[in-house]
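The values are calculated or read from the model by the stated rules, or taken from the named source; none is laboratory data. Computed from a predicted structure; not experimentally measured. Glycine gets a Cβ as well: all are built from the backbone with ideal geometry, and neighbour counts include every protein chain shown. Note: areas computed on protein heavy atoms with side chains; ligands, DNA, RNA excluded. Shrake-Rupley method; radii C 1.70, N 1.55, O 1.52, S 1.80 Å.
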Amino acid sequence: MNIKTVKKQISRGEYELIQIDIDNHDEVEALRLHNKEINHQIYEEKKLFSRYSVEEIQEFIGHEFADPNSDPFEKMLKERAEDIESQRNAKFEEGLGLLKDALSGLTEKQTIIVLAVIQEDKSFRDLSRELNIHHTTVEDHFNAGMKKLRKFFMDKPDFLKYFPRLNK
């Protein structure tokens, strides 16, 4: 992939900076066609707009302006965004499955303590009062659980980045 920031024309003198893969011929061609259509519209509107309605212009030049919803570049960007979102969702679901597997390797107390500290941001002292055990024991359970989770995720670097506390 060779991602490059390029200008996408919106209207006369207005551009939007977007990123495209310049090695992808379809993306480059879609952007070229989009910009060409906008330039054509600008030219025709500038030439005739003051005297005629859009419908009269279209009839006069024998060309209908493209429906903005049918813009090939916009359509391609939307499809790409949907693909990326779908991939993210699949990766997230896979990560949740892995997290369940990782948590199943912990003892019951380790699971309770790790989840309470990470999800609920509870302190060891608060948990020691709730569980009626010494706060150093809570810390020991937490550290042991985190060690097991680190070991589980070490060979899964794609997912380790979602769990920054495991890198500590």
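Do you know which residues across region 140-158 are touching a Leu at 6+ places or on another chain (Cβ under 9 Å) and either among the basic types (Lys, Arg) or open to solvent by 80 Å² or more (accessible area, probe 1.4 Å) (or both)?
Those that are touching a Leu at 6+ places or on another chain (Cβ under 9 Å) and either among the basic types (Lys, Arg) or open to solvent by 80 Å² or more (accessible area, probe 1.4 Å) (or both): LYS148, ARG150, MET154, LYS156.
For region 97-129, how many residues meet the condition of being within 22 Å of PHE159 (Cα to Cα), acidic (Asp, Glu) and part of a helix (DSSP H, G or I)?
1
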